[in-house]
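The block underneath contains the structure these notes are about, expressed in structure tokens.
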């Protein structure tokens, strides 16, 4: 079998993995967005970079992407996974509150930018149909690049970030009508654009959305519950991938974009107890495929066209960026954004996007736009997309850092500036929801202290969710999961699990993430309590000690000892246990250093 394997078949994969292994750590060390690195690598490794020189220097073919079309097809999943993750971070309630921005600001942006670009193209001598197609292609921004930048800078919950996402969401919704309209124009139906035929053409898309919503609400949670009961990480990962890709394919079959279907699936899962575990599972795939997407964008930059028509292409790119930025800035001010926020949103959305490739490819295939003109516009769109990270950096300076790195900043939608669950203060994180965890939650409720829980048993999670508790399914020993459950802002962590190894892993992980965090952990006996103190627990409660104290209290009460003396002696004995477990000579070197740092 080994003799049938051709190393050349895997050359593109090896090149991409090597590029990712070099670019990501290098650019992060330089504090530059890896997006720029992938875009630049695509230009260098593509057929218009080193590939153009491989005829003179054959050895360069070993460092050239041989099949850009295959790379582009796989790279589309990067946007699909990105939209799925965005859907997971939203909810139907938040989306409902954002409807004014999505269908107001977003619709006006698409209409005005499309119309302005189409009029400019007609003024240069193009007929209405190709001018409209070019306007549609250049009016849409890059969801993949912009949302990745917002996430990296923690600006997705700022005012500008929410407005930007609202516009991007409407643009994704507008792609399907644009493609249907292009198909009608390609068949010579210019006069029938507003006819019933166009409305009927949208029927499959509407049916597809309704099918996704119906089947998603009925099947997604039971499926993930069944998979979670199997307690297999591999099976859970397979189920997550099935949800993302399956929803995307159903959406594509009905004429919508795969990314929109994945976004709907993410929205449906956002309200479930599996949300955070799904996020942690999908994140590596999203990062890898997004890198591949940016690489494919750079590959598509035809340097020969740029060399042949530099003024035309660069002028078109600059004009599109300027026009989109001005229109979005004015609309942002009209919708109540502050000047800085409107400028930041305008710069983020000024560049072209990945849907320009879809629309222009369809327009060229249907004969609406000639191929030479379409290729020229595609290069201009690519250059404007490659400028987005630089425009975003400028927008970040203009917008300021008032909301960067903070939870949910003031948002366009009312009442959506509160942390998840509607609490004004960060919730306590409780890991484990057995009999002990449930009692801890009840006591927190009695004192009006908000809390969020994590549990690996899907039955316990389901019963707690039915009771109205904010409990999530997942493995709390993983830093990514703890982070998504709010550990970075939680005032305290309570670990109530009865698995000693699991408790120790969670305490060690949490202490490494938050040196200042209050950590209270359950221990089976005094020996494990001492181990938890060594790992950084603020307080460890041994079951054997507490059971002994409760038994002592009960017998003392029954034989007539005054309650005041009993309570005092119980507290005194408990303090003696804590001091014994915390004495410096009983602790390891790591714990002694930790306690000295705390005392200082």
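The values are calculated or read from the model by the stated rules, or taken from the named source; none is laboratory data. Here the structure is a predicted model, which is why all the values come from computation and not from measurement. Cβ: placed from backbone, ideal geometry, glycine included. Neighbour counts: every protein chain shown.
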One residue from 106, 115 being part of a helix (DSSP H, G or I) and either touching a strand residue (DSSP E or B) at 6+ places or on another chain (Cβ under 9 Å) or surrounded by fewer than 18 Cβ atoms within 10 Å (Cβ to Cβ) (or both) | 115
Within the range 194-222, restricting attention to residues that are at pLDDT below 75, surrounded by fewer than 14 Cβ atoms within 10 Å (Cβ to Cβ) and touching a helix residue (DSSP H, G or I) at 6+ places or on another chain (Cβ under 9 Å), which residue is nearest to residue 239 (Cα to Cα)?
-> 197
Is it true that residue 24 is assigned to a helix (DSSP H, G or I), under 20 Å from the mean Cα position of the chain (by Cα), closer than 25 Å to residue 147 by Cβ and outside the structural domain of residue 271 (by TED's automatic domain parsing)?
-> yes
Do we find that residue 56 is surrounded by fewer than 18 Cβ atoms within 10 Å (Cβ to Cβ) and not in a helix (DSSP H, G or I) in this structure?
-> yes
Hey, residue 344 outside any helix (DSSP H, G or I), more than 21 Å from residue 136 (Cβ to Cβ) and touching a helix residue (DSSP H, G or I) at 6+ places or on another chain (Cβ under 8 Å) or not | no
Conditions (1) part of a helix (DSSP H, G or I); (2) in contact with a strand residue (DSSP E or B) (Cβ under 7 Å, 6 or more places away or on another chain): number failed by residue 295 = (2)
Within the range 131-138, is even one residue part of a helix (DSSP H, G or I), in the same structural domain as residue 282 (by TED's automatic domain parsing), surrounded by fewer than 21 Cβ atoms within 10 Å (Cβ to Cβ) and touching a residue at least 40 places away in the same chain (Cβ under 8 Å)?
-> no
Pairs only if they're at least six apart or on different chains, beta carbon under 6 angstrom, first in the range 557-582 and within 23 Å of residue 524 (Cα to Cα), second modelled with pLDDT under 80 and part of a helix (DSSP H, G or I); list them, first residue then second.
-> 570/549; 570/553; 577/545
Quickly run through the range 523-534 and pick out the residues that are in a helix (DSSP H, G or I) and surrounded by 24 or more Cβ atoms within 10 Å (Cβ to Cβ).
-> 529, 532, 533
Kindly indicate whether residue 464 is within 29 Å of residue 544 (Cβ to Cβ), in contact with a strand residue (DSSP E or B) (Cβ under 8 Å, 6 or more places away or on another chain) and crowded, with 18+ Cβ neighbours inside 10 Å.
-> yes
All positions within the range 157-180 that are crowded, with 23+ Cβ neighbours inside 10 Å and at pLDDT below 80 | none
